[in-house]
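**Q** Could you have a look at this structure, given as structure tokens, before my questions?
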Amino acid sequence: NENNKFWKPKYLKALNGEKLTFEFCNKNDKLSKHYEIKLNPIKIKGTVVGLSAIGRDITERKEVEENLFNLLELAPMAFFQGDVNGNFIKVNNKAVDLTGYSSKELLTMNIKDLFYEVYLKEKPLSYEKLKTGEIIKNERKLKNKIHVEMLSKAMSDGTYQCFMTDITERKLAIDKIK
């Protein structure tokens, strides 16, 4: 059955000595409950003799996250959330509009993929500055020729978030004046 397909591989990994933390959604009629599950092997003299399992209800947190992301979908700026290596883990519809990539494509990409290598060499991404808690404001040119203003910040969970705004018209107007 479906439950067995989900749980069995996790128990087998834990029984082989691996510590696991994962989320599980228990859908029951109209009610969905979300749990964070931790499976830890219990070892005696290096041999796994059992498991400890701890679950906590994270339904409320998941609902808050969903509401916040719904707000980000309505944001007037492109939103990108990346992991510690800059790989996208969340993007909004404005990010899709700005880059020309689908949401599915963006979620397989790294922030570096949006820029030509030559621009990154001139102005590298500043992960070290971000780690200090500083909000970094930059202007860059995407591969699709759109000029953007970026506001980036490191988050307490180790991820990074970036809001981008199209400033192409402003850049062109400034260039005309020069």
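The values are calculated or read from the model by the stated rules, or taken from the named source; none is laboratory data. Predicted model, so just to flag it, every value in this text is computed and none were measured. Reconstructed Cβ throughout: ideal geometry from the backbone, glycine too, with neighbour counts over all protein chains shown. To get the accessible areas, we keep the full protein, side chains included, count just its heavy atoms, and leave off ligands, DNA and RNA. Shrake-Rupley method; radii C 1.70, N 1.55, O 1.52, S 1.80 Å.
**Q** Most mobile of G86, G46, G158 per a Gaussian network model of the chain (Cα springs, under 10 Å)?
**A** Highest fluctuation of the listed residues: G46.
**Q** 7 Å from Cα along Cα→Cβ at both E105 and L120: what's the point-to-point distance in nm?
**A** The two pseudo-label positions are separated by 1.8 nm.
**Q** Between segment 13-90 and segment 135-178, how far is it from one alpha carbon centroid to the other, in angstrom?
**A** The distance from the Cα centre of segment 13-90 to that of segment 135-178 comes to 32 Å.
**Q** Per residue of the chain, what 222 nm ellipticity follows from adding -39500 (n - 2.57) for every DSSP H run with n ≥ 4, rounded to the nearest 500? Mind dumping the intermediate values first?
**A** Details: 7 runs with 61 residues, N = 178.
The helix contribution divided over the chain gives -9500 deg cm²/dmol.
**Q** Among all the lysines, which ones have a C-alpha under 22 Å from K8's C-alpha, if same-chain residues fewer than 8 places away are not counted?
**A** Straight-line reach from K8, under 22 Å: K19, K27, K33, K38, K43.
**Q** How much of the accessible area of the chain, probe 1.4 Å, is carbon plus sulfur, in whole percent?
**A** On the way: 6490 of 12230 Å².
Answer for the chain: carbon and sulfur cover 53 percent of the accessible area.
**Q** Given the Cα-Cα distance of K145 and A53 and 0.36 nm per residue of separation, how much length would full extension add, in nm? Spell out each step's value before the answer.
**A** Numbers: separation 92, 0.36 × 92 = 33.12 nm, distance 5.13 nm.
Here the answer is 28.0 nm.
**Q** For labels at K19 and L31 in the simple 7 Å Cα→Cβ model, what's the distance in nm?
**A** 3.3
**Q** Taking the 0 to 90 degree range and rounding to the nearest ten, how far is the long axis of helix 2-15 tilted relative to the main principal axis of the chain, both from C-alpha atoms?
**A** 80
**Q** Find the relative contact order for segment 83-171 and round it to a whole percent, using C-alpha pairs within less than 8 Å whose residues are 6+ positions apart.
**A** 24
**Q** Of [x] 1.37; [y] 1.45; [z] 1.05, which is the value of Cα Rg over 2.2 N^0.38 Å derived from the coordinates here?
**A** Read-out taken from this structure: [x].
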